[in-house]
Amino acid sequence: MSAPPSHEADAPSGRLGSTQLTSERLDALGQLTEVAGEITRGYGTDSLVESLALVERWMLEAGMTVTRDSVGSLVGRIGPADAPTLLLGSHVDSVRNAGRFDGPLGVLAPLAAIERARSSLEEGAIGIALIAFADEEGLRYRSSYLASRAFVGLFEPAELDITDDDGVPLAEAIRAAGGDPAATSSPSMSFGSVAGYVEVHIEQGPVLQAEDLPVGVVTAIAGQSRGFVDFIGSAGHAGNTPHHLRRDALLAAAEFTLAVDDAMQQTPGLVATVGRIENAPNVGNVIPGKTTVSYDVRHQEDDVRERALDALRARAREIVDRRGIDLDWRHLQDHRAVPMSARWRRTLLEAVENADIRPFELPSGAGHDAVSLAHVTDVGMLFCRCRDGVSHHPDEFVEYDDIAAVIDVLEQLVLKAGLDDAR
Ligand SMILES: [Zn+2]
């Protein structure tokens with residue numbers, strides 16, 4: 001039998017109490033959905049509006065002053081009004097049939113840390129602004145980083161006319177979310193006195209679990225290149241075409257797919273994937289005439305990614321030349337890497353150490369709101385372990401003890417960030 005928790009540990013300002021409260025809040029947000037039995041919260045929907053209202057109430061209870069920006073994102077502030085401000089936050093919208101942690105953890109764990117450090121923060125040398133972005137996943141309008149782009153002034157006025165599947169223009173959803181379409185063309189605050197932006201997010205990968213660590217500090221959000229390769233040979237009868245007369249597109253695509261795996265094995269930190277394949281005519285007794293594969297190549301250093309991509313392209317050319325077939329390399333998109341600032345990497349590593357956790361760094365293979373914020377300030381990110389790396393799925397799960405660890409690190413961070421700026 002374990003002893004009942006002490007009175008102090010039960011209070012929201014204690015470690016047990018704040019972890020319990022955060023867990024309950026995650027559950028409460030997880031109840032808000034457009035589709036019963038799922039978590040599906042698109043931008044401007046009733047469930048999103050309710051989520052923002054709930055988070056706003058919690059921010060107010062934590063002693064923060066709360067404002068809404070042009071797209072309805074919440075900005076809760078605590079600390080001296082004229083002091084430099086550290087921004088913390090993440091998003092409260094979700095993908096279709098999501099988990100409870102992707103986004104909300106990055107809002108509610110900082111909220112708990114602020115509650116715990118409240119008295120120090122109210123008299124501290126730095127202000128903290130906690131942001132709950134109203135849309136990141138882009139479920140309803142197929143946008144990316146909608147709210148954080150609007151926050152930093154990167155929203156394009158033409159986007160107001162984009163419609164959802166029911167023909168509802170984005171401008172209308174912005175009004176529903178508590179925003180003001182006319183204000184979207186300017187940034188939500190002046191960033192002159194902002195000290196940085198730090199985001200907590202679930203890892204969405206298995207590295208921390210393999211390292212047996214609750215948290216890790218992000219080095220960079222990896223750059224990404226993606227596109228398709230068409231291998232164009234000739235369809236032919238499977239029985240009547242001897243080996244030396246074949247122009248088999250699928251064999252070339254298979255060789256290329258293995259080359260992608262080779263590139264990944266030979267280049268530390270590179271992740272490269274062929275995730276999609278289309279084969280024509282895709283019939284059992286016909287030699288494939290045309291095979292298309294996708295590629296997705298990511299690395300935290302842009303020059304490494306670009307060299308890997310050039311090498312893959314040369315390899316594809318070599319394969320088709322040898323096999324006497326044709327190639328169409330259809331490059332779709334490049335996103336540059338977003339490095340985390342040295343200052344926030346260092347401060348986060350110190351905060352992790354102060355929370356008695358082994359400091360560890362890893363890159364992020366996925367994009368986050370920090371990508372937008374990097375346009376206006378120094379950014380840092382802290383990843384939290386999630387079970388088996390599963391995300392964007394109802395099975396997405398973060399252990400209770402890991403929530404506690406994240407709050408511990410953030411408490412160290414907000415206290416330390418104030419000291420740094422006071423020097
Ligand atoms: Zn997310």
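No lab work stands behind these numbers, since they all come straight from the coordinates. Since the model is a prediction, treat every value here as computed from it, not as a measurement. Don't worry about glycine lacking a Cβ; one is built from the backbone with ideal geometry, like all the others, and counts go over all protein chains shown.
Quick check for you: which residues of the stretch 65-93 have the amide N under 15 Å from the point 7 Å beyond the Cα of Glu50 toward its beta carbon?
Zone members listed by number: 93.
Take the alpha carbon atoms of the stretch 319-350, find their center, do the same for the stretch 209-223, and report the distance between the two centers in whole angstrom.
18
Are there any helices in the chain, counted as whole DSSP H runs, that stretch 20 Å or more along their axis by Cα and score at least 0.0 on average by Kyte-Doolittle, and if so which? Can you show the working numbers first?
Details: long enough: 15-30 (22 Å, -0.39); 46-61 (23 Å, 0.39); 249-266 (26 Å, 0.72); 302-323 (32 Å, -1.13); 400-422 (34 Å, 0.60).
Helices meeting the criterion: 46-61, 249-266, 400-422.
At a threshold of 8 angstrom on Cα-Cα distance, excluding pairs fewer than six apart, so keeping six or more, what relative contact order does the chain reach in percent?
Averaging sequence separation for qualifying contacts and normalising by length gives 21 percent for the chain.
How much mean residue ellipticity at 222 nm does the chain get from its helices, if each DSSP H run of length 4 or more adds -39500 (n - 2.57) and you divide by all residues, to the nearest 500 deg cm²/dmol?
Values: 13 runs with 153 residues, N = 423.
After summing the helix terms and dividing by residue count, I get -11000 deg cm²/dmol.
Once you wrap a convex hull around the alpha carbon atoms of the chain, what is its projected area averaged over all directions, in nm²?
Average of the hull's projected areas for the chain equals 24.5 nm².
Taking a point 7 angstrom from the Cα of Thr273 along the C-beta vector, which residues in the stretch 362-387 have backbone N less than 16 Å away?
Only 363-368 fall inside the zone, counting backbone N under 16 Å.
Let's test the formula: R0 of 22 Å, r as the Cβ-Cβ distance of Arg346 and Glu156. What FRET efficiency results, to the nearest 0.05?
On the way: r = 35 Å, r/R0 = 1.60.
That gives a FRET efficiency of 0.05.
Subtracting the Cα-Cα distance from 0.36 nm times the residue separation, let me have the gained length for Arg57 to Ala314 in nm, one decimal.
86.8 nm
Any idea how far apart Ala182 and Ala36 come out in nm if each label point goes 7 Å out from Cα toward Cβ?
Here the answer is 4.1 nm between the modelled labels.
Once the other residues with Cβ under 11 Å from the Cβ of Glu50 are scored (Lys, Arg +1; Asp, Glu -1), what is the net sum? Show your work: numbers first, answer last.
Values: positive: Arg41, Arg57; negative: Glu34, Asp46, Glu56.
Computed value for this residue: -1.
Starting from 0.36 nm per residue, how many nanometres of slack lie between Val168 and Asp230 once their C-alpha separation is accounted for?
18.6 nm
Ranking request for peptides 42-55, 177-190, 323-336, 235-248: highest mean number of other beta-carbon atoms within 10 Å first, then the rest in descending order.
By packing density, highest mean first, the sequence is 42-55, 177-190, 323-336, 235-248.
Count the DSSP beta bridges whose two residues both fall in the chain, then state the antiparallel fraction as a percent rounded to the nearest 5. Provide the component values of the computation, followed by the final result.
On the way: 44 of 64 bridges.
So the antiparallel bridges in the chain amount to around 70 percent.
Skipping prolines and chain starts, which residues have an amide H placed within reach, meaning under 5 Å, of the one on Val215, given they are 5 or more residues away or on another chain?
The list, which skips near neighbours in sequence, is Arg385.
Could you please state, rounded to a whole Å, how far the C-alpha centre of the stretch 18-89 is from the C-alpha centre of the stretch 263-278?
37
Amide H to amide H under 5 Å from Glu399: which residues, 5+ apart in sequence or cross-chain, H placed 1.01 Å off N in plane?
Under 5 Å from the amide H of Glu399 lie the amide H atoms of Arg387, each far enough along the sequence or on another chain.
In whole Å, what three semi-axes, largest first, describe the equivalent ellipsoid of the stretch 146-213 built from its Cα gyration tensor (square root of 5 times each eigenvalue)?
Details: eigenvalues 198, 81, 16 Å².
Equivalent ellipsoid semi-axes, largest first: 31, 20, 9 Å.
Please compute the Kirkwood hydrodynamic radius of the stretch 224-335 from all pairs of different C-alpha atoms, in Å with one decimal.
Details: mean 1/r = 0.0694 Å⁻¹.
Computed over the stretch 224-335, the radius equals 14.4 Å.
All other residues with a Cβ under 15 Å from the Cβ of Thr292 taken together, and with Lys, Arg as +1 and Asp, Glu as -1, what is their net charge?
With Lys, Arg at +1 and Asp, Glu at -1, the neighbours total -3.
Around Asp27, with a cut-off of 14 angstrom between Cβ atoms, what is the net charge of the other residues, counting Lys and Arg +1 and Asp and Glu -1? If you can, show how the numbers build up before the last one.
Values: positive: Arg25, Arg100; negative: Glu24, Glu396.
Net of charged neighbours comes to 0.
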